[in-house]
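**Q** One structure, as structure tokens, below. Some questions next.
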Amino acid sequence: MKAALLSIVLVALPSSVGGQSVCRQLTSQVIEHKPGFTIRSVTLRSAHGLVKATAAIPDSTKPSHATVFSFSTLVGSEPQQSVDMMPLAIELTKQGWSTMVIDRKLTWPDVDPSVGTLRVDVMCAERWLSKHAMVTPSDWIFVGPDSDAPDPAVGDKPRITGWLGFIVADKPGDVSTEQLFHSTSGLRNWILSQHFFDN
């Protein structure tokens, strides 16, 4: 996938934001422990409702990069096809990344009605991952619709100072979304090629 086809957003976030917490863990359990990493099922309560997600965390004491996927499956109707994000998340974790995949289906080319409603949920997922994995504060990537990207005004004290975004399923005709149906390798290569500059 060519870099020109990617929609990229850099969001600068303050290291702390005042306010009441809108996120609370309800359940977290180990699904599977594999050599070098652990997969967990997580349920959080956010201001938006319940957030169900799957996290994959390296067994390492070294700080890692992190990726939050705001959807688990992208479903296309013209033609009928789908792509799951969890295999890519696991592949990234094998490369040392902490990942979290929110349980959600996005439709394409019709923009899913849920687009624009999960910003708080994404921040909750980020907070959970930042508490349970060692993540460098500036080394975060968000994958999903732009209108669901992290908002520094939501909640309290995010443990992040910046995001890079790979925007998909946000607007009709988006080429990077179409490319995902053929292969996730372009997204994988883009994520792994990022060079972060810590504050």
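The values are calculated or read from the model by the stated rules, or taken from the named source; none is laboratory data. Note that the coordinates shown come from a computational prediction; the quantities given were computed from them, not determined experimentally. Cβ: placed from backbone, ideal geometry, glycine included. Neighbour counts: every protein chain shown.
**Q** Restricting to the stretch 46-55, give me the number of residues that are in contact (Cβ under 8 Å) with a residue 60 or more places away in the chain and in contact with a strand residue (DSSP E or B) (Cβ under 9 Å, 6 or more places away or on another chain).
**A** 4
**Q** Next question. For the stretch 54-65, give me the residue count where each residue is surrounded by fewer than 19 Cβ atoms within 10 Å (Cβ to Cβ) and more than 17 Å from ILE191 (Cα to Cα).
**A** So the count comes out to 4.
**Q** Same structure again: Residues to consider are THR93, THR99; find the one that is at pLDDT 95 or above, surrounded by 15 or more Cβ atoms within 10 Å (Cβ to Cβ), farther than 23 Å from ASP170 by Cα and hydroxyl-bearing (Ser, Thr, Tyr).
**A** It is THR93.
**Q** Sort out for me the strands (runs of 3 or more DSSP E) sitting completely within the stretch 81-156 that have 3 or more residues that are within 18 Å of LEU192 (Cβ to Cβ).
**A** 98-102, 135-144
**Q** Residues to consider are VAL42, VAL51, VAL68, VAL75; find the one that is assigned to a strand (DSSP E or B), more than 17 Å from the chain's Cα centre (by Cα) and surrounded by 14 or more Cβ atoms within 10 Å (Cβ to Cβ).
**A** Exactly one of VAL42, VAL51, VAL68, VAL75 is assigned to a strand (DSSP E or B), more than 17 Å from the chain's Cα centre (by Cα) and surrounded by 14 or more Cβ atoms within 10 Å (Cβ to Cβ), namely VAL75.
**Q** Right, another one. Looking at the stretch 84-124, which of its residues are aliphatic (A, V, I, L, M) and under 12 Å from VAL68 (Cβ atoms)?
**A** Listed by number, the residues that qualify are MET85, ALA89, LEU92, MET100, VAL101, ILE102, LEU118, VAL122, MET123.
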